[in-house]
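> My structure is below; once you've seen it, I'll send some questions.
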């Protein structure tokens with residue numbers, strides 16, 4: 001007989017759309033992301049023992065072990081939910097599974113179909129970073145276009161500049177991927193640790209795109225890191241909508257380190 005955790009994980013991932021070859025056993029669901037990568041999903045407790053309030057995702061290489069781990073808290077994904085007719089939860093409840101003396105069930109609120117889809121989308125967005133994107137890069141239809149532009153200096157002005165370029169890409173019928181609109185609200189560029197994390201995540205985003213468009217009269221060290229990474233991945237890099245190929249324009253590149261964007 002399958003466990004409650006099996007049933008909930010299968011409800012989330014059993015259709016094989018979030019990751020391939022799903023198989024649930026015990027309190028975990030396993031699947032594949034490609035030739036060598038695997039994923040394990042499981043509900044965990046992050047605050048109170050017996051209250052399973054988060055979904056832990058572990059990406060593994062089949063020979064080298066863990067590659068990356070992410071904990072998605074249900075509070076962050078779903079927020080507080082109302083419990084109509086229950087005076088004990090007038091202000092709502094954070095969705096979680098609880099251990100009622102060995103019986104596992106959702107506490108007071110059971111997620112809706114829309115809630116399950118929200119969780120799937122969050123998981124899918126994370127796992128997409130690790131998939132082999134080469135096949136997608138050669139498909140027809142709107143392209144994912146990474147906006148490579150400076151951020152340092154007049155940050156607000158540069159964010160607006162990048163937004164305008166992203167809008168141009170959108171109006172051309174492609175899909176802009178603009179880190180300037182993603183990271184500044186959540187990662188402080190003056191915090192070295194957060195800034196480095198944002199730059200590393202930007203390189204991951206580059207891997208998901210079919211093209212990288214480079215803008216601005218001066219290219220910073222961070223931009224050069226993105227350009228080189230795209231070239232190493234075989235991704236087309238353009239400046240002023242002209243392919244630059246393997247030889248970048250005559251702009252001096254930094255010799256050492258990634259530096260700041």
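> What residues of region 99-128 lie in the reach of a label at residue 7, counting those whose backbone N is under 17 Å from a point 7 Å from the Cα along Cα→Cβ?
Within reach of a label on residue 7, which here means backbone N under 17 Å from a point 7 Å along Cα→Cβ, region 99-128 contributes 99-113, 116.
> Which residue fluctuates the most in the chain, going by a Gaussian network model with Cα springs under 10 Å, if the choices are 101, 52, 109?
Ranking 101, 52, 109 by mean-square fluctuation puts 101 first.
> Tell me the relative contact order for the chain as a rounded percent, counting alpha carbon contacts under 8 Å between residues six or more apart.
11
> On to the next question. Pull out a ≥ b ≥ c, the square roots of the eigenvalues of the alpha-carbon gyration tensor of region 4-132, then state rounded if a/c is under 1.5, prolate if not and a/b is larger than b/c, and oblate in the remaining case.
Judged from the Cα gyration tensor, region 4-132 comes out prolate (a/c at least 1.5, a/b above b/c).
> What FRET efficiency, computed as 1/(1 + (r/R0)^6) with R0 = 45 Å and r the Cβ-Cβ distance, is obtained for residue 99 and residue 126, rounded to the nearest 0.05?
So, using R0 = 45 Å, E works out to roughly 0.95.
> Once you keep just the Cα pairs under 8 angstrom separated by 6 or more residues, what percentage relative contact order results for region 172-237?
Taking the mean separation of contacting Cα pairs over the length of region 172-237, I get 29 percent.
> Can I ask one more? Dimensions of region 135-243 along principal axes (Cα, Å, largest first)?
39, 26, 24
> Expressed as a rounded percentage, what relative contact order does region 1-97 have, with Cα pairs under 8 Å and six or more residues apart?
16
> Indicate the gyration tensor shape class of region 72-118 (rounded, prolate or oblate), computed on the Cα atoms with a ≥ b ≥ c the square roots of the eigenvalues: a/c under 1.5 is rounded; otherwise a/b larger than b/c is prolate and the rest oblate.
Judged from the Cα gyration tensor, region 72-118 comes out oblate (a/c at least 1.5, b/c at or above a/b).
> Now a separate question. Tell me, how many Å apart are the Cα centres for region 142-218 and for region 69-123?
Value for the Cα centre distance between the two parts: 34 Å.
> Figure the gain on full extension for residue 49 and residue 197 (residue separation times 0.36 nm, minus the Cα-Cα span) and round it to one decimal in nm.
50.2 nm
A short reminder: the numbers here are calculations on the coordinates, not readings from a lab. Computed from a prediction, not measured in an experiment: that's the story for all the values here. A quick note on method: Cβ atoms are made from the backbone with ideal geometry, for glycine too, and the neighbour counts reach across all protein chains shown.
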